[in-house]
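Input: a single structure, listed below in C-alpha cells.
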Amino acid sequence: MTVLAFGDTIRLKDGRIIKGKIISFNGGKFTVLFDDGTRQRQMNYSADEIESITFDADSTPTANVETLNQTPSGSSDKTKIGNDTIITVGQNKNPDNTPTPSPKVSPPANTSAITPAPITLNVKVLADNTSNGWTNSGWVARKGQKIKITGGGRVSLGNGRLTSPGGIASLSDSGKLKKDEPTGGLIAVIGDDNNDFIFIGDSLEFVAARDGALFLGVNEGNLNDNSGAFDVKIEIDPETSN
C-alpha cells in the first residue's frame, strides 16, 4: 500500500518530531522518505513508536488518509484540525468517546473524638459571715473528678478595701484559713469534716481528693465587716463525673 504525503509531521513517543514523507504502511510499520535536496533515504517506524502523524491537507489525498486510518489492528484515530489531518497512533481504549467517569473519592472519616462539654455551675459566693462564711455550690464532688473554678467580680473586706478573687497579698491577717495565700482571695473545701482548704484565686483547675459537697468562701479571718459577692463559675469534666 502506498500513501502519497508531503510535509508530514511524525511525533514519536520519545518526544522527537520528524518531518518527512510517508510512502507506505505495511505490517504495522510506516516507511518515511527523507529528502535533504542532495539525496534521499528511507526509515521505518513501528506504529508502537509513534504518538501522532499530521498530514499536510494540501498534499494528502483524503482517500489515502482514510486507508491509513483503517489499520487491521484498529489502533489509530483520525482528527481534523483546520486544513491538517492528525492521526494518533496507538490502541484506542475508548472507541465510543464515552467520557471516562472520575474515580469516586470518599471524604476522610472524622476520627477525632468529640469532647463533651463540661458541666457548668454559676454561683454567687458571699464575702460576709452568712452560713459561717461558706457558700454551698450545690455540687457534690467525687474523688478523682477534674474541677475548674474561675472567679470574677470584687468584694469589700471593710475599711474601704476592695479585692478581686486573687486577694490582697500585702494585707496581713493572722486569722485567715490559708496563711500563705493573699487575704480575701477565693478559697474552697470539699466536705465539712476537714481543713484541707484550696486556694482558688482568680482561677484553678484541680482533681478532687475526696468525695463531698463543694463549698466556697473568702480567705479572711474577720468576715463581719465584709460585703458583696464573687461571681464564680464551676466547670466539672463529665468524663470524670461517674
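Pull up segment 28-42, narrow it to residues that are surrounded by 12 or more Cβ atoms within 10 Å (Cβ to Cβ) and assigned to a strand (DSSP E or B), then point me to the one that is modelled with the lowest pLDDT.
Per the stated criteria, the residue is PHE34.
Which one of these does VAL232 not meet: (1) outside any strand (DSSP E or B); (2) out of contact with any helix residue (DSSP H, G or I) (no Cβ under 8 Å at 6 or more places or on another chain)?
For VAL232, the failing item is (1).
Does GLY191 meet the test of being over 42 Å from the mean Cα position of the chain (by Cα) and either closer than 14 Å to SER137 by Cβ or not aliphatic (A, V, I, L, M) (or both)?
Yes, satisfied.
Give me a count of the residues in segment 134-161 that are touching a residue at least 40 places away in the same chain (Cβ under 8 Å) and either over 30 Å from PRO118 (Cα atoms) or of a type outside the set (Gly, Ala, Ser) (or both).
19
Does ALA213 qualify as being among the aliphatic types (A, V, I, L, M) and surrounded by fewer than 20 Cβ atoms within 10 Å (Cβ to Cβ)?
When the stated conditions are applied, ALA213 passes them.
In this structure, is VAL232 of a type in the set (Val, Ile, Thr), buried (at least 20 other Cβ atoms within 10 Å of the Cβ) and either over 16 Å from LYS143 (Cβ atoms) or assigned by TED's automatic domain parsing to the domain that holds GLY138 (or both)? Step through it out loud before you land on a result.
Working: of a type in the set (Val, Ile, Thr): yes; buried (at least 20 other Cβ atoms within 10 Å of the Cβ): yes; either over 16 Å from LYS143 (Cβ atoms) or assigned by TED's automatic domain parsing to the domain that holds GLY138 (or both): yes.
Criteria met by VAL232.
So, in segment 200-235, of the ones that are polar (S, T, N, Q) and over 17 Å from THR120 (Cβ atoms), which residue ends up nearest to the chain's Cα centre (by Cα)?
Among those residues, the one meeting the criterion is ASN219.
Among the residues of segment 1-27 satisfying the criterion of being small (Gly, Ala, Ser) and exposed (fewer than 15 other Cβ atoms within 10 Å of the Cβ), which is modelled with the highest pLDDT? Please lay out each step first, then the result.
Of the residues in segment 1-27, the ones small (Gly, Ala, Ser) are 5, 7, 15, 20, 24, 27.
Retained after the next criterion (residues that are exposed (fewer than 15 other Cβ atoms within 10 Å of the Cβ)): 15, 27.
On the way: GLY15: 85, GLY27: 79.
Selected residue: GLY15.
Give the number of residues within segment 216-226 that are surrounded by 15 or more Cβ atoms within 10 Å (Cβ to Cβ) and among the polar types (S, T, N, Q).
Total satisfying the criteria: 2.
The values are calculated or read from the model by the stated rules, or taken from the named source; none is laboratory data. Keep in mind that what you see is a predicted model, and the values were worked out from it rather than measured. Methodologically, a virtual Cβ is constructed for each residue, glycine included, from the backbone with ideal geometry; neighbour enumeration extends over all protein chains shown.
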